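Every read-out reported here was derived from the displayed coordinates using simple, explicitly stated rules and does not represent laboratory data. Bear in mind that the values here come from a model prediction, so they are computed numbers and not experimental data. Cβ placement follows ideal geometry from the backbone for every residue including glycine, while neighbour counts extend to all protein chains displayed.
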Amino acid sequence: MDVVTGRRKTRRIDLGGVPIGGGAPVIVQSMTSSDTRDVVATVEQVLALEEAGCEIIRVAVPDEPAAAAIREIKERIHIPLIADIHFNHRLALLALHAGADAIRINPGNISQEGIRGIAALAKEKRKVIRIGINAGSLEQDILARHGGPTAEALVESALKNLILLEEMGCHALKLSLKSSSVSTTIAAYRAISEKTDYPLHLGVTEAGTLLQAAIKSAIGIGALLYDGIGDTIRVSVTGDPLEEIGVAFGILRALDIRRVGPEIISCPTCGRCEIGLAALVERVEGELKGMKTPLKIALMGCVVNGPGEAAEADIGIAGGRGVGLLFKKGEIVRKIKEEDFVPVLLQEIRKLASADRE
Ligand code: SF4
């Protein structure tokens with residue numbers, strides 16, 4: 001179920017069949033870490049990401065064989081593909097000819113002439129261009145004017161290139177203004193959202209390994225989404241891109257923007273807890289990985305807050321001494337023994353999930 005409330009209205013674009021902006025759900029993106037020239041490895045990674053809920057994929061295109069590989073990759077995946085281009089605009093042209101649904105350009109490292117060439121072909125093929133501004137590679141003149149990669153510098157670069165592409169007749173555009181600084185990221189997106197209604201792709205770049213990336217992204221992307229800003233998101237994680245999807249949907253779920261997959265509410269435990277709660281949460285979380293049904297599952301250590309939280313949830317357990325009260329939609333169903341927690345919960349959750357699908 002998608003919940004779209006209080007979002008800033010952007011213009012709608014279509015990226016390979018996925019609507020973006022204009023009231024469409026906030027879309028979760030990722031990027032492969034495989035060598036794009038290795039079609040088998042790249043397809044395998046994209047399919048795993050699709051399974052986890054990824055809705056648009058970006059692949060790096062560092063050379064001509066990588067651009068050519070897009071044709072075969074596209075035939076074997078099911079979500080739109082964005083070709084990530086730096087330095088050489090000809091690679092963008094090859095990627096478009098190979099069937100890429102969109103091109104991400106970094107205007108800081110492609111000549112204006114090159115950008116014009118990409119714009120002409122993207123327009124002809126009705127493909128999307130993402131203007132991907134990055135604090136690490138801003139145009140030299142803009143950097144000099146602002147004394148560094150400030151939020152204002154990111155916005156100036158984005159607007160300059162937006163105007164250039166619009167003049168070329170391109171209107172299927174989206175923008176990103178990424179920085180590894182959370183506060184610069186937030187300031188830049190807030191400013192650009194006042195100046196244009198093109199869809200915005202949110203991300204905090206080079207955010208680090210999972211924990212750091214989750215913290216930075218939850219704050220940066222989360223603050224913007226809370227403001228109603230943002231049409232697509234990517235959580236950048238150093239490591240397995242599969243981790244990005246869980247964090248991304250976690251952010252969307254926490255803000256009630258999209259409800260996809262189970263939300264587990266569990267207490268931190270304290271001296272009152274008389275069940276093995278941490279192990280229970282870990283088991284249940286592991287078993288439910290990949291589940292798309294939006295369910296709220298409360299796993300609570302005792303009856304102090306347990307029944308209250310569990311009653312709010314679709315299903316829950318409030319622990320006692322080696323036993324627990326099973327709640328379903330606010331009603332106590334029965335008392336169960338601790339050794340039966342996992343099988344009973346999973347059985348009940350799967351029943352709820354299949355009822356939701358009917
Ligand atoms: Fe402690 Fe119970 Fe609260 Fe969990 S629900 S933190 S066990 S008082």
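Structural remarks
- For region 263-357, the number of Lys pairs separated by eight or more positions or lying on different chains, with C-alpha atoms closer than 17 Å, is 8.
- Length-normalised contact order of region 263-357 in % [C-alpha pairs under 8 Å, at least 6 apart]: 24 percent
- Hull shadow area, averaged, region 124-207 [alpha-carbon convex hull, nm²]: 5.5 nm²
- LYS174 long-range amide H proximity, modeled H, under 5 Å: ILE129, ARG130, ILE131
- Close amide H partners of CYS302, meaning residues 5 or more places away or on another chain with modelled amide H under 5 Å apart, are GLY319.
- Relative contact order of the chain, defined on C-alpha pairs under 8 angstrom at six or more residues apart (%): 13 percent
- For ILE265, nonlocal amide neighbours, meaning residues 5 or more places apart or on other chains whose placed amide H falls under 5 Å from its own, are ILE297, ALA298, LEU299.
- Computed helical MRE - 222 nm, the chain, DSSP H runs ≥ 4 contributing -39500 (n - 2.57), nearest 500: -13500 deg cm²/dmol
- Neighbour-count ranking [beta-carbon atoms within 10 angstrom, fewest first] of GLU113, GLU51: GLU113, GLU51
- ³J(HN,Hα), Karplus 6.51/-1.76/1.60, whole Hz, each residue of region 77-84, x for Gly, Pro: 10, 10, 10, x, 10, 10, 8, 9
- Kirkwood radius and radius of gyration were both taken over the C-alpha atoms of region 223-272, and their ratio Rg/Rh is 1.07.
- Geometric extent, Cα atoms of region 13-254 - Rg, Dmax (angstrom): 16.4, 46
- Two-decimal log10 I(q)/I(0) for region 263-357, as the Debye equation yields it once each C-alpha is a single scatterer, q = 0.10, 0.11, 0.15, 0.22 Å⁻¹: -0.21, -0.26, -0.48, -1.08
- Using alpha-carbon coordinates, inclination of helix 64-76 to the longest axis of the chain, degrees: 40 degrees
- Degrees separating the helix 210-226 axis from the principal Cα axis of the chain, which is the longest one: 80 degrees
- SER217, SER34 arranged by Cβ crowding within 10 Å, fewest neighbours leading: SER34, SER217
- Remark: the Cα gyration tensor places region 252-292 in the oblate category, a/c being 1.5 or greater and a/b not exceeding b/c.
- Nearest 10 degrees, 0 to 90: helix 182-195 Cα axis against the chain principal axis: 60 degrees
- Three principal axis lengths of region 1-98 [C-alpha, angstrom, descending]: 43, 29, 19
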